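Taking it in order: structure first as structure tokens, then the write-up.
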Amino acid sequence: MEIKEVYAKVVKDSRKEETIKVIVKTSKGWFETSAPSGKSKGRFEVKDYANGLRSDIKFINSLDLAELNGLLIGKFEDLLKLEKKIRGQLGGNSLFALEASILKALAWEDGKELWEFLGGIKIPHPVGNTIGGGLHSRGKKEIKPDFQEFLFVSGCRSFKRCVKINNIAYKLAGKMIRVAGRNDEGAWETDQTNEEVLEIMTQIQDIIKEKYGERIEIGLDIAASSFYNGNYNYKNPRKRVNKKNQIAYIRNLIRRYNLFYIEDPLYETDMSGFAELNKEKGFIVGDDLIATNPERLKKAIRLRAISALIVKPNQIGSLLKVKEVINLCKQFNIKTIISHRSGETKDDTIADLGVGFSCDFIKTGIYGKVRKAKLKRLMHIEKRLKK
């Protein structure tokens, strides 16, 4: 494949904040990827941009095409040549967008879509952010649940059916909670407490089972690092708890509400605490704890700290490392959840990566054009796979 042009530019994400788009041109056409951005970021994530957004854009726009083509990138593993060439010059957003656009071009040269090029045949189950709190929501009079996301996970036989059931659950939630608007991921905002929201979600779970004959699971993204300062400082209602009591509280919620999915229940360095909770049923999910970093994951595996992992490609930038992380998870029976960020674009690359890398789940949100773009892409892929 010969790259005829590569350039980057500034675009706006769903929060109207600046992010990067990278476009690669070959004789077959234009291939582009825009990177998302997160509001709540873990301390172990790589920098979005090595030296700022515009500096990264300038670097990409100054790439020597002769040298780039001289790398002879023809398969996924050849991204290593690119990473060695530009080591340290790009941040996570920029490297992800560049590599993904090159892979799309390679796939098209091979007569395939990206998910096919990566060899995937598995559609992940959708994890839908239904009700929001924490850093993602203001809430009525700034009173809100302390947990960042209240999630529904449907496990229907088809992805299209899963999306429908999640949508029904989302609409029911909008009728049953005290709504104070929608947050930056399209989830309902409320001034109710964590437990009040969970009570409503269990009611919705029962309605879905009775009326539609489908089992829908309940999940939480606690994002505990966002309210940790030596202790866990809750505001709704106000309480301050230590590590021991936080573990006891989360353990009680898991058992009381039969939680299926519990993301970041403790501070992002607390591997031992995660390991203690990982003795419970349900998936103990690491996001900030791991930050899509293979070395962090290896430590978590040694300590048996998690049973599932959030995969956010721009947390690490390198798609080679993304694949390494996913392969490690498969080796040690850890479920993978490829995920959007709070600041998104209509880019649907993570849908292809979710299928291409055979992830178990995809976290995309339920409401809004930038969230639905990923769901629509997966429904298209599902239709292709059924042919």
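Every number in this text was worked out from the coordinates using simple rules, so none of it is lab data. Computed from a prediction, not measured in an experiment: that's the story for all the values here. Reconstructed Cβ throughout: ideal geometry from the backbone, glycine too, with neighbour counts over all protein chains shown.
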- Task: Measure nothing fancy, just the Cα-based angle from helix 294-303's long axis to the longest principal axis of the chain, in degrees from 0 to 90, nearest 10.
- Result: 40 degrees
- Note on the structure: The Cα extents of segment 7-54 along the principal axes, largest first and rounded to whole Å, are 41, 22, 17
- Note the full-extension length gain between Lys81 and Lys175 as 0.36 nm times their separation in residues minus their Cα-Cα distance, in nm to one decimal. 28.5 nm
- Item | Cα-Cα pairs of segment 117-386 separated by more than 30 Å (percent) | 23 percent
- At Asn245 and Asn333, where each label point lies 7 Å from the Cα along Cα→Cβ, what is the point-to-point distance in nanometres? 3.6 nm
- Note on the structure: Between Lys279 and Ser27, the two model label points (7 Å from Cα along the beta-carbon direction) sit apart by a distance in nm of 6.4 nm
- Task: Working from the alpha-carbon coordinates of segment 260-387, get Rg over Rh, Rh being the Kirkwood radius.
- Result: 0.98
- Gap separating the Cα centres of segment 140-201 and segment 21-90, nearest whole Å: 36 Å
- Message: Give me the extension gain from Glu5 to Arg256: residue separation times 0.36 nm, minus the current Cα-Cα distance, reported in nm with one decimal.
- Response: 84.7 nm
- Using θ = phi - 60° and the Karplus form 6.51 cos²θ - 1.76 cosθ + 1.60, what ³J(HN,Hα) does each residue of segment 211-220 get, whole Hz, x for Gly and Pro? 8, 10, x, 10, 8, 10, 9, 9, x, 10
- Rg/Rh for segment 164-288, where both radii come from Cα atoms and Rh is the Kirkwood radius: 0.97
- Item | Three principal axis lengths of segment 5-112 [C-alpha, angstrom, descending] | 38, 26, 23
- Item | Candidates Ala50, Ala35, Ala248: whichever shows maximal mean-square fluctuation once the chain is modelled as a Gaussian network with Cα springs under 10 Å | Ala248
